[in-house]
Amino acid sequence: MGRALALITTIIKKDLVSELRAKESVVTMVTFSVLILVLFSMAFEPSRETVREILPGLIWMSLIFSGILGLNRTYARERFNDCLIGILSSPIAPYHIYIGKAASSLVQLFIVEIITFPLYFVFYDLEIDGSLGILLLTMLLGSVGFILVGTFLAALTSSLRSKEALLPVILFPLLVPVLLASIEATSAIFAGLTLNQYLPWLKLILVYDLVFLVVPLLLFDYLMEVD
Amino acid sequence: MKHTSLLKRVLLASTFVSMLVSLYLVFVWVPVERQMGPVQKIFYFHVPSAWVAFFAFFVVFAASLMFLKTRLELYDIIAGCSAQVGVVFTAIVLITGPIWGRASWGTWWTWDPRLTTTLILWFIYLAYLIIRNSAKGHVRNLRLAAVFGIIGFIDVPIVFMAVRWWRTIHPVVFEANNIGLPPSMLTTLMVCLLTFTLLYFVLLLKSMKIEQVERKLQNLISEALKAY
């Protein structure tokens, strides 16, 4: 267990260090999500009544669109010099790679969220009636679900032709449950509904997270086979 | 060339007979529904198509699992061809549904759990076919398609659950009509279900044959190129 954790941390560290040096993903992702935020305020007049209606959806959609940019880069790094084969021939197991990559993508997505989220308060005059803590929990759980499926499918598309275009097409249909649940929970928290009214959504996100943690763990070996 | 096996011929013949019987039952024998009129007859094509679609996707799931386990090319071919047939039948469901809905509910589309899930299902397996298409001709890529065939199927019940909650929290516009079917309509539906299931197997075998011949041709071409 401790050894597995150490190997996973190695992958996380490796990814984050190379991201810190190259700064290719996070900068693009942050810029893109701020850009979406600005463009949407032009598409929809940000008057107070309509904002509440569309904002939860907007927040999650911008998160997912900018997240896709990062996910497409996840395995791009390993393509040069056959780095992936190098990693696989080291004592690191495929599932270490999966967990490690998912964790490092999650960290990058959190950075995007931390920078972008306050801007919604500035640009859209956002007010939250519910608890901020539960909102953050929803953001966390939803992001985990998105990243788990995304990291898995990014590995799937990374060796295919037209991978960048393919990822959103195969990822979005699978994201429907977590996206729907996250948007519904977020708008319930914005509106200050009681916990009972959106607890089923949080449970659904949790179930989704668990399913798409276990299933990829079982199947990831098949994606990483070298022939 | 080998002759078509006896089993295939029996399947083809029984599908043909069963299809004729179904058409007779639907258009001649079964009475016209009083409230909805002739448009209700879409039901006899709509429901069996939906059944075949779900069944086809289950076959994709099972065959993908078997492929990963045994690595026999046959399972990959079954999965791919079943997905094709399934997507076609899902498209039929998505086309016939709104036609019926327009006539009986007065609207083409509603975000009802079943409708929405079917639409998402269609997208998932379209994605599966896109993966297969861009994965042609490499052993590794057969594996990728199989993995997606499994994970896509697992997602379907969660989609259904999510959409159902989504719709129950929002106002439900149309209640599902829980009118029990009279015996004549039930009989017709059952026969149609049988016909469509037989049709599924006919189409599956046909498209598998085409796929096998195509792969054989590819092998011959690459061998010929090597020899050259």
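List the pairs whose first member sits in segment A:138-149 and is within 13 Å of A:L71 (Cα to Cα), whose second member is of a type in the set (S, T, N, Q), and whose Cβ atoms are under 8 Å apart, counting only residues at least 6 apart or on separate chains?
A:I147/A:S105
Within segment A:141-156, is even one residue in a helix (DSSP H, G or I), more than 12 Å from chain B (Cβ to nearest Cβ), of a type in the set (S, T, N, Q) and more than 23 Å from A:L39 (Cβ to Cβ)?
Yes, that holds for at least one residue.
Here is a yes/no grid of residues against (1) crowded, with 21+ Cβ neighbours inside 10 Å; (2) within 18 Å of B:F153 (Cβ to Cβ); (3) at the interface with chain B (Cβ under 9 Å from one of its Cβ atoms):
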site: A:E127; (1), (2), (3): no, no, no
site: A:L136; (1), (2), (3): no, no, no
site: A:R161; (1), (2), (3): no, no, yes
site: A:F190; (1), (2), (3): no, no, no
site: A:W201; (1), (2), (3): yes, no, yes
site: A:P216; (1), (2), (3): yes, yes, yes
site: A:Y222; (1), (2), (3): no, yes, yes
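Read through the list (1) farther than 25 Å from A:S47 by Cα; (2) part of a helix (DSSP H, G or I), then give the number of the only condition that A:R161 fails.
Answer for A:R161: the failing condition is (2).
Restricting attention to segment B:133-146, which residues are more than 10 Å from chain A (Cβ to nearest Cβ) and either at pLDDT 90 or above or crowded, with 21+ Cβ neighbours inside 10 Å (or both)?
The first filter runs over segment B:133-146 and keeps only residues more than 10 Å from chain A (Cβ to nearest Cβ), leaving B:137, B:142.
Result: B:L142, single match.
Checking B:G149 against (1) more than 14 Å from every other protein chain (Cβ to nearest Cβ); (2) small (G, A, S); (3) in contact with a Phe, Trp or Tyr (Cβ under 7 Å, 6 or more places away or on another chain): exactly one of these is not met. Which one?
Going through the list (1) more than 14 Å from every other protein chain (Cβ to nearest Cβ); (2) small (G, A, S); (3) in contact with a Phe, Trp or Tyr (Cβ under 7 Å, 6 or more places away or on another chain), B:G149 breaks only (1).
When you scan segment A:163-171, do you find a residue that is surrounded by fewer than 22 Cβ atoms within 10 Å (Cβ to Cβ), more than 9 Å from chain B (Cβ to nearest Cβ) and on the phi > 0 side of the Ramachandran plot, even just one?
Scanning segment A:163-171 turns up no residue that is surrounded by fewer than 22 Cβ atoms within 10 Å (Cβ to Cβ), more than 9 Å from chain B (Cβ to nearest Cβ) and on the phi > 0 side of the Ramachandran plot.
Those residues that are crowded, with 18+ Cβ neighbours inside 10 Å and either among the polar types (S, T, N, Q) or not in a helix (DSSP H, G or I) (or both), I need them from segment B:16-39; list them, please.
Selection gives B:S18, B:S22, B:V30.
Please go through segment A:172-188 and pick out each residue that is among the β-branched types (V, I, T), in contact (Cβ under 8 Å) with a residue 24 or more places away in the chain and at the interface with chain B (Cβ under 10 Å from one of its Cβ atoms).
Initially, segment A:172-188 is screened for residues among the β-branched types (V, I, T), giving A:176, A:178, A:183, A:186.
Among the residues that remain, those that are also in contact (Cβ under 8 Å) with a residue 24 or more places away in the chain are: A:178, A:183, A:186.
Result: A:V178, A:I183.
What pairs come out if I take residues in segment B:101-116 that are over 17 Å from B:V47 (Cα atoms) and pair them with residues that are surrounded by 15 or more Cβ atoms within 10 Å (Cβ to Cβ) and among the aromatic types (F, W, Y) whose C-beta lies under 9 Å away, six or more apart or interchain?
Here the result reads B:W111/B:W166, each pair linking segment B:101-116 to a residue that is surrounded by 15 or more Cβ atoms within 10 Å (Cβ to Cβ) and among the aromatic types (F, W, Y).
So, in segment A:17-40, exactly how many residues are exposed (fewer than 15 other Cβ atoms within 10 Å of the Cβ) and assigned to a helix (DSSP H, G or I)?
Residues that pass the stated criteria total 10.
Looking at A:L106 and the list (1) more than 21 Å from A:P216 (Cβ to Cβ); (2) without any contact (Cβ under 8 Å) to a residue 60 or more places away in the chain; (3) in a helix (DSSP H, G or I), which single condition is not satisfied?
Single failed check for A:L106: (1).
The values are calculated or read from the model by the stated rules, or taken from the named source; none is laboratory data. All values reported here derive from a predicted model rather than from experimental measurement. Neighbour counts are summed over all protein chains in view; Cβ atoms, including those assigned to glycine, are modelled from backbone coordinates with ideal geometry.
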